[in-house]
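A.B. asks: This is the structure, below, for whatever I ask next.
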Amino acid sequence: ALIGSHNYAAQELVNLMLVGYAASNVFDGTQSLDDGGSEGKGGDDRVVLRGIANRSDIGFLTLFEHYEYVRVGDALKTPRWPIWVLCSESHYSVLFALDRACLQSHYCKPFDLFYYDELGRQDEVYRLTVDPDPAVPVEHDTSEKRLVSPIDECIRTRWPGATVDWNGSEPLL
């Protein structure tokens, strides 16, 4: 089904819009699961899970990866264009950069991402400066003890340890 519980877009619908087919997963390629004991019994009891086959034009980042529920593959994390659909708290918004250099795998200079949320009725432009190689990296922490914007955590799934500066805007929680 393309529409899940509570009338939310299922991952298949999101992938259909991003890559042109309704894959159920966000990892790269395929993954095989077997029953762990079928060898020598004449059967091949395995399930093949399909993810994203090729690099997408537009990417995808999700808070679910920060919480280690899924792993988004490089095909969606490193799209052809610096545009990402962002899934945070079952809500979709967009991050984009004006400079494609941030797509390079070992890019170390600070760069700007712009955040847009149609439903947020935002009155200001949110320009986030991301430093992918800070002097003191931000540690991965899934505890709920600290108050951090989920958007920052989504960004760190693509640029681990990066700092995010909201440039005078109040970080969205």
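The values are calculated or read from the model by the stated rules, or taken from the named source; none is laboratory data. Since the structure is predicted, the reported quantities are computational estimates derived from the model, not experimental observations. Methodologically, a virtual Cβ is constructed for each residue, glycine included, from the backbone with ideal geometry; neighbour enumeration extends over all protein chains shown. Areas reflect the complete protein model, heavy atoms only, side chains present, ligands, DNA and RNA absent. Shrake-Rupley method; radii C 1.70, N 1.55, O 1.52, S 1.80 Å.
A.B. asks: Can you pull out every residue in the stretch 50-67 that is among the aromatic types (F, W, Y) and part of a strand (DSSP E or B)?
C.D. replies: F60
A.B. asks: Here are the criteria: (1) surrounded by 14 or more Cβ atoms within 10 Å (Cβ to Cβ); (2) of a type outside the set (S, T, N, Q); (3) more than 26 Å from V19 (Cα to Cα). Tell me which single one I151 does not satisfy.
C.D. replies: Condition not satisfied by I151: (3).
A.B. asks: D35 passes all but one of (1) at pLDDT below 95; (2) surrounded by fewer than 13 Cβ atoms within 10 Å (Cβ to Cβ); (3) under 18 Å from W159 (Cβ atoms); which number fails?
C.D. replies: Single failed check for D35: (3).
A.B. asks: Within the stretch 91-116, restricting attention to residues that are small (G, A, S) and touching a strand residue (DSSP E or B) at 6+ places or on another chain (Cβ under 8 Å), which residue is surrounded by the most Cβ atoms within 10 Å (Cβ to Cβ)?
C.D. replies: Among those that are small (G, A, S) and touching a strand residue (DSSP E or B) at 6+ places or on another chain (Cβ under 8 Å), it is S93.
A.B. asks: Inside the stretch 119-140, can you point out the residues that are part of a loop (DSSP other than H, G, I, E, B) and closer than 20 Å to C108 by Cβ?
C.D. replies: Within the stretch 119-140, P132, D133, P134, A135, V136, P137, V138, E139, H140 meet the criteria.
A.B. asks: Within the stretch 124-141, take every residue that is out of contact with any Cys (no Cβ under 8 Å at 6 or more places or on another chain) and closer than 18 Å to L86 by Cα and give me the one that is modelled with the lowest pLDDT.
C.D. replies: Applying the filter and picking the extreme gives V125.
A.B. asks: Could you list, in sequence order, the residues of the stretch 68-90 that are open to solvent by 80 Å² or more (accessible area, probe 1.4 Å) and either in a loop (DSSP other than H, G, I, E, B) or aliphatic (A, V, I, L, M) (or both)?
C.D. replies: E68, Y69, R71, R80, W81, E89
A.B. asks: May I ask you to say which residue of D45, D57, D99 is on the phi < 0 side of the Ramachandran plot, at pLDDT below 95, touching a Phe, Trp or Tyr at 6+ places or on another chain (Cβ under 7 Å) and charged (D, E, K, R)?
C.D. replies: Result: D99 is the single residue among D45, D57, D99 that is on the phi < 0 side of the Ramachandran plot, at pLDDT below 95, touching a Phe, Trp or Tyr at 6+ places or on another chain (Cβ under 7 Å) and charged (D, E, K, R).
A.B. asks: Somewhere in the stretch 144-164, is a residue within 30 Å of N7 (Cβ to Cβ), assigned to a strand (DSSP E or B), in contact (Cβ under 8 Å) with a residue 12 or more places away in the chain and touching an Asp or Glu at 6+ places or on another chain (Cβ under 8 Å)?
C.D. replies: Looking for residues that are within 30 Å of N7 (Cβ to Cβ), assigned to a strand (DSSP E or B), in contact (Cβ under 8 Å) with a residue 12 or more places away in the chain and touching an Asp or Glu at 6+ places or on another chain (Cβ under 8 Å), one finds none in the stretch 144-164, hence no.
A.B. asks: Any chance you could count how many residues in the stretch 59-81 are aromatic (F, W, Y), in contact with a strand residue (DSSP E or B) (Cβ under 8 Å, 6 or more places away or on another chain) and over 19 Å from V19 (Cα atoms)?
C.D. replies: Of the residues in that region, 1 qualify.
A.B. asks: If S169 satisfies all but one of (1) open to solvent by 40 Å² or more (accessible area, probe 1.4 Å); (2) assigned to a loop (DSSP other than H, G, I, E, B); (3) not hydrophobic (A, V, I, L, M, F, W, C), what's the number of the condition it fails?
C.D. replies: Tallying (1) open to solvent by 40 Å² or more (accessible area, probe 1.4 Å); (2) assigned to a loop (DSSP other than H, G, I, E, B); (3) not hydrophobic (A, V, I, L, M, F, W, C), S169 fails exactly one: (1).
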